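Report on one structure; see the data block that follows.
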Amino acid sequence: MSSSENGAAVATEARAGGTTAAPSTPAWRAWLQQGLAFGTLIALLLFFWAASPRFLTWSNISGVLLATAVIGILALGTTFVITTAGIDLSIGTGMTLCSVMTGIFAVDLGLPMPLAVLLGILTGGVIGLLNGLNVAILGLPPFIATLAMMMIAQGLALVISGVSPIYFNDVPSFQSIALGTLIPGLPNAVLIMFLVAALAWFLLSKTIFGRITVAIGSNEEAARLSGIDTRRWKLIIYIVAGLFTGVAGVVMASRLGSAQPQLGVGYELQAIAAVIIGGTSLMGGRGSITGTLIGALIMSVLINGLRILSIQTEWQNVVVGIVIALAVFFDTLRNKRSA
Amino acid sequence: MTVEPPLLEVRGISKSFPGVKALQGVEFQLDAGEVLVLVGENGAGKSTLMKILSGIYARDEGTIAVDGREVDITGPADAQELGISIIHQEMNLMPDLTVAQNIYLGREPRRGLMLDEKALNRQAAALLGDLGIQLDPRTKVSTLTVAAQQMVEIAKALSVDARVLIMDEPTSALTDTEVETLFGLIESLRASGTGIIYISHRMEELKRLADRVTVLRDGQYIGSLDRDEIDVPTIIEMMVGRTIDTGSKPEPFDTAGRDVVLKVDGLSTRTLLKDVGFELHRGEILGFAGLMGAGRTETARAIIGADPSTSGRVEINGRVARIRQPADAVRHGIGYLSEDRKSLGLLLEQSVTTNTIAASLGRFSGLLGIMNDRRARRVAQQHVEDLRTRTPNVEQPVKLLSGGNQQKVVIAKWLVRDCDILIFDEPTRGIDVGAKEEIYTLLQKLAATGTSIIVISSELPEVLRLSHRIVVMANGRITGTLASEDATQNSIMDLATRFDAAEGAAA
């Protein structure tokens, strides 16, 4: 505290400038993107509700939420990386590797289930650590470093599993991690997603970790010159994102009752799309956890609704692509206006 | 002369943005072969006015006439057609393209579908020759000095047959010799009948160049002075609405008996610095003078560990400090305020609060790293009031503040950190006269309360005004140290050019 008082004493006598204030940004602008995402979600819900009576039934809603869980958890973790102006392409296949490792620990090695789950999540942390070392210490561009990791993780998942699924049939209560219902009618996977979201929100908006994440994304060199050990923090950020990947891997395996080594490719892009739709900037410096959650929900509501309307799968991709383009378009619009 | 209508005449221009009246009733006129210097503090409306003239903004009211004929400028293409060309403060060149490719970007000579590089280079060489700029059109822009890049910008602006050339603080990144070259070019443009609007903060330039001065303040037209009426105190008064003293020197400072807080020995880097050593005493303001590229910024960056050094020893309060990255320097109580606020000093999109606490995040977080935002806002608010930072509130993104106010936010960041040693690199670059005075006063008060300060500055009056002692560098070496009472602009320039004669001639 003494510091600011020192500064205060020093500065009080500094000569006054004028008093005109710089123009202020209205708060609505800061929330435009997120409000837009939220509005889009509501509009989609209303539209599909009007189009099909089957849409707004509890069983369908909880199905949509369950389908969101894995992508949602991945997206939440990668929001941190994207907020630093980085990117993580390894989360899809990384998640698969975590699923497979959970299977190896629980089924092949017969470790107690909670321990196997913990090790599965830590596998994600190791993937994140390697990404972080490549990006923060060796200085590889995040795109390249995580592209490499994406391929490595995919290869390892196939090699370790012997290219065949690992079934958790004999692991007691493993499937209830995702499919049990601590809250009646709501699959635990959804609960996990919301808990993870709450944790991510807390980390990003309330802690020094989040503040530094934003600072690095906003201007890494300025952050470094301010005495922030940016390399160490970037390493930590990638590890945290990796742990989220691990959680997604466990939830995925539990939901399917098996670790499927062939899955995973493409999940990273869906997760990144959810983050962008939610208003986190690819240029860094601006991240929103609620936005990411809404973005992930928009994607699965859209896919579910189109399916209910019996629209071909091929067209579903087209629609999702358009939504992503629109989201980014509104984002650039927002940036232009506030510039 | 008086019968001919002016080349460019602007009357009653007003422009509003939501919530702000940026310009109100602004007028000026510019004749062919005349240099009009436009002055005003940051936020006075100079840039807005220039953007209206170059077609980036549309005016709300007022008239613009070229050769006495009223015109409507609705886009950059209109401005170009009317012969109005602008050189922005920030460089707009493509670093990976050559000089010629940059000058004729989008207007390249072609043969069929193919670009005709030969014709391009020939054309550029002819243009550069006409302007007396000695540059090879095939040089990549990224390899040029800032000054040379500026010349390319000017050539580019003139390549479209500009009759009116607008220059926005063109000398802010130039050394004195480079400034001379630029002024020579301006003289020859003036002689050839080009009308020049020159935006500047520097009074010496205004005296040298101006045929006429127009002053803006807070978006209002304050007045114009013709060449024979130009008088610096009057102009400064018009700009800031109050009087300011210039040319004073600091109180005498006796280094004997003062603690040495920072001692640097034998500091060298791979590229530039050679055996740099000096001492900084408690409460001292130590100026660093030298030409661009002399190694002043490099010295600062090597000391704080932002760039690697090949050898050298840094002692803080008599103890050797191992500094390998800026975080180590900050831990040892050294803060560095970069010359490039926007890209190295600030988190532009973030709030005043976030920027204010950016160097002390650990002090504002508690258990589990939870941020104490209320305390952060209170401290930020306190510093906004103490430093009289003009901002509507502490949640304002700093990119919306003017240069002077941004600098105050950077200063607040280091005040909050409570550093013993502060290194200010060009503390008043791009800052208007009024705010400069505030920053000078602030530095002096800081020193008086025991903070030790290094001021790196390319403006000699600034170095002389603030420094108790002045270290002069040339070519990566320290060529001399002057006590305040012995230092003059001449004695500094003598040392600054001492090891530098060969290079000076080449440039």
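The values are calculated or read from the model by the stated rules, or taken from the named source; none is laboratory data. Since the structure is predicted, the reported quantities are computational estimates derived from the model, not experimental observations. Cβ coordinates were reconstructed from backbone atoms using ideal geometry, including for glycine residues, and neighbour counts include every protein chain displayed. Quick note on the areas: whole protein, heavy atoms, side chains included, nothing else; ligands and nucleic acids left out. Shrake-Rupley method; radii C 1.70, N 1.55, O 1.52, S 1.80 Å.
Some values worked out for this structure:
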| item | result |
| --- | --- |
| Protection proxy ranking, peptides A:267-273, A:169-175, B:303-309, average beta carbon neighbours within 10 Å, highest first | A:267-273, B:303-309, A:169-175 |
| Solvent exposure ordering (accessible area, 1.4 Å, most first) of B:Glu187, A:Glu314 | A:Glu314, B:Glu187 |
| If the convex hull is drawn through the Cα atoms of the stretch B:245-356, its volume per residue in Å³ | 159 |
| Once the Cα gyration tensor of the stretch A:252-339 is diagonalised, semi-axes √(5λ) in Å | 27, 18, 11 |
| Cβ-Cβ FRET estimate between A:Ile322 and A:Gln262, R0 fixed at 35 Å, reported to 0.05 | 0.80 |
| Solvent-accessible surface (1.4 angstrom probe) belonging to A:Arg286, in square angstrom, nearest 10 | 50 |
| Relative contact order, percent, chain B [alpha-carbon distance under 8 Å, six or more residues apart] | 15 |
| For B:Met371, solvent-accessible area (1.4 Å; no DNA, RNA or ligand), Å² | 10 |
| Square roots of five times the Cα gyration tensor eigenvalues for the stretch B:295-448, Å | 25, 20, 14 |
| A:Met113 - accessible surface, heavy atoms, 1.4 Å probe, Å² rounded to 10 | 40 |
| Radius ratio Rg over Rh of chain A, counting only Cα atoms, Kirkwood formula for Rh | 1.03 |
| Viscosity 1.567 mPa s, temperature 4 °C, Stokes-Einstein D of the stretch A:76-157 from Kirkwood C-alpha radius, µm²/s | 99 |
| Antiparallel bridge percentage (DSSP; both residues within chain B; nearest 5) | 55 |
| Length-normalised contact order of chain A in % [C-alpha pairs under 8 Å, at least 6 apart] | 32 |
| FRET efficiency, B:Ala125 to A:Met283 (Cβ-Cβ, R0 51 Å, nearest 0.05) | 0.85 |
| Protein heavy-atom accessible area occluded, A/B pair - total, 1.4 Å probe, Å² | 4400 |
| Alpha carbon convex hull of the stretch B:243-298, volume per residue in cubic angstrom | 120 |
| Among B:Phe288, B:Met114, B:Pro397 the positive-end extreme of the charge dipole of chain B (Cβ point charges) | B:Pro397 |
| Acute angle (nearest 10 degrees) that the helix B:433-448 long axis makes with the longest principal axis of chain B, alpha-carbon atoms | 10 |
| Dipole moment magnitude, nearest 20 debye, the stretch B:362-507 about Cα centre, only Lys, Arg, Asp, Glu C-beta charged | 760 |
| Rounded tilt (10° steps) of B:403-417 against the dominant C-alpha axis of chain B | 10 |
| Largest to smallest principal axis extent of the C-alpha atoms in the stretch B:410-507, angstrom | 45, 26, 23 |
| Dipole moment magnitude, nearest 20 debye, the stretch A:31-332 about Cα centre, only Lys, Arg, Asp, Glu C-beta charged | 400 |
| Residue order for A:Glu221, B:Glu61 - accessible surface, 1.4 angstrom probe, largest first | B:Glu61, A:Glu221 |
| Linear extension gain, B:Arg69 paired with B:Val232, 0.36 nm per residue minus alpha-carbon span | 55.3 nm |
| B:Thr255-B:Leu97 FRET efficiency (beta carbon distance; Förster radius 60 Å; 0.05 resolution) | 0.75 |
| Accessible carbon and sulfur surface of the protein assembly as shown relative to its total accessible area, %, 1.4 Å | 57 |
| Binned Cα-Cα distance frequencies in the protein assembly as shown - 20 Å width, integer % | 14, 39, 34, 13, 1, 0 |
| Shielding by other protein chains, B:431-441, mean Cβ within 10 Å | 2 |
| Protein-only accessible surface order, largest first, of B:Thr488, B:Thr391 at 1.4 Å | B:Thr488, B:Thr391 |
| Check: chain B dipole with +1 on Lys, Arg Cβ and -1 on Asp, Glu Cβ, in debye | 2000 |
| Equivalent-ellipsoid semi-axes of chain B, from the Cα gyration tensor, Å, largest first | 40, 28, 23 |
| Angstrom value of the Kirkwood radius, inverse mean 1/r, which spans all Cα pairs in the stretch B:8-240 | 18.4 |
| Local electrostatic count, B:Ala487, Cβ distance below 13 Å [Lys/Arg +1, Asp/Glu -1] | -1 |
| Test item: B:381-388 mean partner chain Cβ contacts at 10 Å | 5 |
| Under the span-like rule (Cα at least 24 Å along the axis, Kyte-Doolittle mean at least -1.0), DSSP H helices of chain A | A:27-51, A:58-83, A:113-132, A:142-161, A:188-206, A:230-256, A:289-308, A:313-338 |
| B:Asn372-B:Asp265 pseudo-label distance in nm [points 7 Å out on the Cα-to-Cβ vector] | 4.1 |
| B:Arg111 paired with A:Leu199, simple spin-label distance in nm, labels 7 Å along Cα-to-beta-carbon | 6.6 |
| Viscosity 1.306 mPa s, 10 °C: Kirkwood-radius Stokes-Einstein D of the stretch B:175-240 over Cα pairs, µm²/s | 123 |
| Listed residue (B:Thr63, B:Leu144, B:Leu131) projecting farthest to the positive dipole end of the stretch B:8-240, Cβ model | B:Leu144 |
| The stretch B:8-240: antiparallel DSSP beta bridges as a percent of all, rounded to 5 | 55 |
| Among the listed pairs A:Lys206/B:Lys408; B:Lys21/B:Lys51; B:Lys249/B:Lys436, those beyond 23 Å (Cα-Cα) | A:Lys206/B:Lys408 |
| Helix B:176-191 vs. chain B, principal-axis angle (Cα, 0 to 90°, nearest 10) | 10 |
| Where labels lie 7 Å past Cα in the beta-carbon direction, separation of B:Ser311 and A:Ala51 in nm | 7.4 |
| Per-residue average of Cβ from other chains inside 10 Å of B:402-415 | 2 |
